[in-house]
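**Student:** Questions regarding the structure given below will be posed in turn.
The values are calculated or read from the model by the stated rules, or taken from the named source; none is laboratory data. Predicted model only: the values in this text are computed from it and were never measured. FYI the Cβ positions are ideal-geometry reconstructions off the backbone, even for glycines, and counts take in every protein chain you see. Protein only, heavy atoms only, side chains kept; ligands, DNA and RNA dropped before computing areas. Shrake-Rupley method; radii C 1.70, N 1.55, O 1.52, S 1.80 Å.
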Amino acid sequence: MMKAYHASGIALAGLVPTAMAIPMSVMPIDLALGVALPVHSHIALNFVVSDYVPTKVAPVARAGLVGFTCLTLAGLFTLNSKGEGITKTAKRLWKAPEKA
């Protein structure tokens, strides 16, 4: 799991600045972000569960984490396939509102 965690971190280190630097949304970058973000978060939160959640409750926490990760993957895939994509959505956060 550490190899997948580090690989997803390296991928994110390249994908996020690239996605923000390109003026338009590029589908392969959005799809890669839609996978790398939830995978990286899932593995990191799994480490948190291992370290801080009591042993008796850990299986329930891990099941909830799997469900949350699946929902995140589905939401990002929907945003990429039916919406404007992760990149355009993120860029809108820093865009000044249009004046009427």
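**Student:** Which condition from (1) open to solvent by 40 Å² or more (accessible area, probe 1.4 Å); (2) touching a residue at least 12 places away in the same chain (Cβ under 8 Å) is the one that residue 42 breaks?
**Tutor:** It is condition (1) that residue 42 fails.
**Student:** Name the residues in segment 1-38 that are closer than 23 Å to residue 94 by Cβ, of a type in the set (Ser, Thr, Tyr) and open to solvent by 40 Å² or more (accessible area, probe 1.4 Å), would you?
**Tutor:** Matches in segment 1-38: 18 only.
The rows are residues; the columns are (1) farther than 19 Å from residue 6 by Cα; (2) touching a helix residue (DSSP H, G or I) at 6+ places or on another chain (Cβ under 7 Å); (3) aromatic (Phe, Trp, Tyr); (4) modelled with pLDDT under 95.
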{"residue": "42", "(1), (2), (3), (4)": "no, yes, no, no"}
{"residue": "56", "(1), (2), (3), (4)": "yes, no, no, no"}
{"residue": "68", "(1), (2), (3), (4)": "yes, no, yes, no"}
{"residue": "94", "(1), (2), (3), (4)": "yes, no, yes, yes"}
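**Student:** Let me ask another. Tally the residues that are without any contact (Cβ under 8 Å) to a residue 60 or more places away in the chain and open to solvent by less than 70 Å² (accessible area, probe 1.4 Å), restricting the search to segment 85-100.
**Tutor:** So the answer is 1.
**Student:** If a residue has to be exposed (fewer than 12 other Cβ atoms within 10 Å of the Cβ) and closer than 18 Å to residue 39 by Cβ to count, how many in segment 51-63 make the cut?
**Tutor:** Total satisfying the criteria: 1.
**Student:** If I ask for residues that are under 12 Å from residue 33 (Cα atoms) and in a loop (DSSP other than H, G, I, E, B), which ones from segment 74-90 would you list?
**Tutor:** The one that is under 12 Å from residue 33 (Cα atoms) and in a loop (DSSP other than H, G, I, E, B): 85.
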